[in-house]
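Notes for the one structure printed next.
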Amino acid sequence: MSGEVNDEIMKEYERIKDKISYEDFLKKMEERKKEYEDVSFMSDLDIARTITGEYIDEKNEALSEGNKPQKISQLTAGHDNVCVIGRIMSVSNVKKFTNRKGNHGKLANMIIADETGQIRVTLWTENVKFLDEVIEGDVVKLNRVEVKQGFRNENNEIQTSRDSKLEKITDGNFEELPKYEEKLTNLADVKGESTVNVVARIIRIPRVRTFDRNGNDGKVMSLEIQDKTGQMQLTLWNNDVGIVEDLKLKEGDSIKVLGAQSRLRNGEVSLTHSWRGRIIKGEFDVPEYDEDILKIGDAHEMKNVTVIGVVCKNYDKITFERNDGSKGQVKSIEMQDETGSIRVTLWNDDADMKLEKGSIIKITGGNIEFDEYSGTDYRINTNWNTKIDEDPEIDDKLRENLQKCGDYIKPVEISTLNEMDDEGDEVDIIGRIISVQDPSEFQRTDGTSGTVRTVEIGDATGVVRTSFWDEKAEKSLNPGDAVKIENARTRFGNYNMELSVGRTSRLMEPSEEETKNLPSLSEIEEKIYKTKHVDELEEGDQNIRLLGRILNVYDPNQFQRSDGTQGIVRTVEIADGTGTVRASFWDEKANLPMKAGDTIKIENPRVNYRDGNIEISISRNTVVTKPKEDETGKLPSLDEIQDMIYKNRKIEDVEEEDRNIKVTGQIVEAYGNKILYEMCPNCNKRVNFSENAYICDICGEEIDEPNYLMIISCVMEDETGTMRATFFRKAAEEFIGMTTDEVRDVIAKTGDEGSLEDKVADMVGQEITIIADASYDEYNEEIRLNAKKVVSLKI
């Protein structure tokens, strides 16, 4: 401190300049400032006044002359400027606090006693340093102190202030004062509901736990201590938890605990640090702690165990509501060492710990319980006194063994899934979303509703179909997103192994390090899909890509599956210049917007052989997108495709295997006596009208409302011959120039199924050009045309 001080501090020195030199005053100021450096509300002037107060009182009287000491039993609340002499029976640890103004201070307590009684003494910030001069058993004289009523109107207590004079008395005979005895108790001899002194070694320091204390945050920490006779918990509450940091306590330190309160709960005795007790760190005679590490393979029902292992499974945190309405949380992990694995249950604050797979952890103070549902037979149940350390200090050999265990829990390449022999295994993958289907709702056997969503995920080695269930199905999932999935469960699909992502699975965003070698979406597609032309398709093809142009789109048809659920299918013809292929779009894919001439990219369709032709099936597992311009550069236009595919045929040249032929002729006969047929909505077969109801002979059920199918037949003629042509659905609508619903309305109004016979007959004499497939009619032993599209009609 410089030799210059402000006027107010100088005035304080002027009051005692006959008792201390200016240099010593400045020196004391420096020393005192260091003592109060963590007390924010002590100014330099306040510090100067504490020095002045050591030499004079407010009347400038020497403090040594003081007041006459009073007996403790004579002290009355409300008296100040009191003097008392007593023996220190207990001293608390110093506690730090923050007042309402945000200023920091210190607080400690003593119990002093004389032959008439004992009393609590509260030492505030400016007097706490006095504890450096005294210990339990010393005789002290307290001058200029105030007597107040105790907390909650209990016994009187002494309050010190800046003006108080506290001194240790070494001279004199104080035989009349009670003796201080420091009796030590072995931990094994501690009984419930008593005050004891113990010497022990700290073997575990768990982290501070928080709890609700009448709307405020409370704190608690339970140290595990041990002496030669046993182990016990020493609990610190609220501000006392700061003692660990203040004394720089660590595991392995030996301590003396004075004035601890013992408690008996659930048959177990524990200690609580009280307001009047003290914890002293020192070199005490207690055995060193030899930690016993349990191998996971040796686990059985036991308490207070220490286990070291590597995290091999990680499950999402679950929140729940307690009986009192408060919220709790729980999380499970699995850890393993070279001898086995075990499930671990983490509660509340511990459930927030960021324990990643592959992390080495140490659990101290867990209880092992039998759990037949854990998958590992036993589980470690943690509690509020359990300590969980990530990356603990362990020897090199153990670390090497655990790191070897960690090598087996890394994400697998997707291509290796098909090498697995059994379903039900839990695996981790890192990949990129290729396609995402809309969520679908379903009903479980117990009547509850669920949601499932199909997502295709790929990496550099392959692609896997993945089902996301319930809340996982509601996550934001977009093609191209990189995802990390832990604990996905394998299951056999129709052709390949698939994955199921349910309640115990974890869906996360991978780190940059984890995705640095993950290909882009386009790179993955290029690797896993082989592009083929229509004429190259073969039955059973997998992971193929087809680029084409929509040639024809037919109306969707609804049907009922054998399980009673409704389905929908739509037929679309696709061509690429090498040929055409019939594509069946199922369920949600049937509702995709499509029209003739559109370009289309289909990835991973199912390729089937049916009725002598290759067809493709587009379902939930198929990716349907609009190709980019650079992908369709060589794709012919719709007109060019039609010219290539639709070959002109004279009637005499038509053969029964012809497909997509263009035939032109004059209509010489047209049959319109019955053009509308009732169909079963379940099996799509014709139904019969009997006893005022439609009956399906195939399904054996009465049909409330049938579907309607329009069929019109005619005979076409050109210069080479005649041939019968049949028009179905959309082709029939193009032929007659009316929709199916319009035809149905006319028949319903007239009550005559042949009411449109004349309109059909008017078609005779018109020239018609159609696109058709040819087939052999075995009943009539002739080739017929099945019209797919009406190209033109001319009168």
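Under the condition of being of a type outside the set (Ser, Thr, Tyr) and not in a strand (DSSP E or B), which residue from region 376-391 is surrounded by the most Cβ atoms within 10 Å (Cβ to Cβ)? Looking at residues that are of a type outside the set (Ser, Thr, Tyr) and not in a strand (DSSP E or B), I get Asn385.
Yes/no per residue for (1) assigned by TED's automatic domain parsing to the domain that holds Asn109; (2) at pLDDT below 90; (3) of a type in the set (S, T, N, Q); (4) part of a strand (DSSP E or B):
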residue: Glu136; (1), (2), (3), (4): yes, no, no, no
residue: Val140; (1), (2), (3), (4): yes, no, no, yes
residue: Arg144; (1), (2), (3), (4): yes, no, no, yes
residue: Val147; (1), (2), (3), (4): yes, no, no, yes
residue: Arg152; (1), (2), (3), (4): yes, yes, no, no
residue: Glu157; (1), (2), (3), (4): yes, no, no, yes
residue: Ser161; (1), (2), (3), (4): yes, yes, yes, no
residue: Phe174; (1), (2), (3), (4): no, yes, no, no
residue: Lys179; (1), (2), (3), (4): no, no, no, no
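Condition (residue is under 17 Å from Gly665 (Cα atoms) and either of a type in the set (Asp, Glu) or in contact (Cβ under 8 Å) with a residue 24 or more places away in the chain (or both)) applied to region 737-759: is it met by at least one residue? Checked region 737-759: no residue is under 17 Å from Gly665 (Cα atoms) and either of a type in the set (Asp, Glu) or in contact (Cβ under 8 Å) with a residue 24 or more places away in the chain (or both). So, of the residues in region 44-70 that are surrounded by 13 or more Cβ atoms within 10 Å (Cβ to Cβ) and assigned to a loop (DSSP other than H, G, I, E, B), which turns out to be modelled with the lowest pLDDT? The selected residue is Gly66. Residues that are modelled with pLDDT of 90 or more, surrounded by 17 or more Cβ atoms within 10 Å (Cβ to Cβ), of a type outside the set (A, V, I, L, M) and touching a Pro at 6+ places or on another chain (Cβ under 9 Å) do occur in region 583-596, at least one of them. Residues that are surrounded by fewer than 19 Cβ atoms within 10 Å (Cβ to Cβ) and assigned to a loop (DSSP other than H, G, I, E, B) are absent from region 232-242. Scanning region 80-118 for residues that are of a type in the set (A, V, I, L, M, F, W, C), more than 13 Å from Trp275 (Cα to Cα) and surrounded by 22 or more Cβ atoms within 10 Å (Cβ to Cβ) turns up Val84, Ile112. If you go through region 471-493 and pick out every residue that is in contact with a Lys or Arg (Cβ under 9 Å, 6 or more places away or on another chain), over 12 Å from Ile433 (Cβ atoms) and surrounded by fewer than 16 Cβ atoms within 10 Å (Cβ to Cβ), you end up with 3. Exactly one residue out of Glu251, Glu224, Glu245 is in contact with a strand residue (DSSP E or B) (Cβ under 9 Å, 6 or more places away or on another chain), surrounded by fewer than 19 Cβ atoms within 10 Å (Cβ to Cβ) and farther than 19 Å from Val91 by Cβ: that is Glu251. Taken over region 456-470, the criterion of being under 16 Å from Asn604 (Cβ atoms) and either of a type outside the set (Gly, Ala, Ser) or surrounded by fewer than 19 Cβ atoms within 10 Å (Cβ to Cβ) (or both) is satisfied by Glu456, Ile457, Asp459, Thr461, Val463, Val464, Arg465, Thr466. Going by what's in this entry, would Leu258 be described as within 19 Å of Thr235 (Cα to Cα), over 23 Å from the mean Cα position of the chain (by Cα) and assigned to a loop (DSSP other than H, G, I, E, B)? In short, no. The residue of region 617-647 that is surrounded by the most Cβ atoms within 10 Å (Cβ to Cβ), among those that are assigned to a strand (DSSP E or B) and modelled with pLDDT of 85 or more, is Ile618.
Strands (runs of 3 or more DSSP E) fully within region 688-785 that include at least 3 residues being under 30 Å from Glu655 (Cβ atoms): 707-718, 721-728, 767-777.
Elements of the type strands (runs of 3 or more DSSP E) sitting completely within region 518-588 and holding at least 3 residues that are without any contact (Cβ under 8 Å) to a residue 40 or more places away in the chain: these cover 530-532, 566-575, 580-586. Taken over region 268-327, residues that are under 37 Å from the mean Cα position of the chain (by Cα) and assigned to a loop (DSSP other than H, G, I, E, B) amount to 15. Taking region 427-451 as the range and being part of a strand (DSSP E or B), under 28 Å from Lys527 (Cα atoms) and at pLDDT below 90 as the test, the residues that pass are Ile434, Ser435, Val436.
The values are calculated or read from the model by the stated rules, or taken from the named source; none is laboratory data. These numbers come from a predicted model, not from an experiment. No Cβ is skipped: glycine too gets one built from the backbone with ideal geometry, and neighbour counts run over all protein chains shown.
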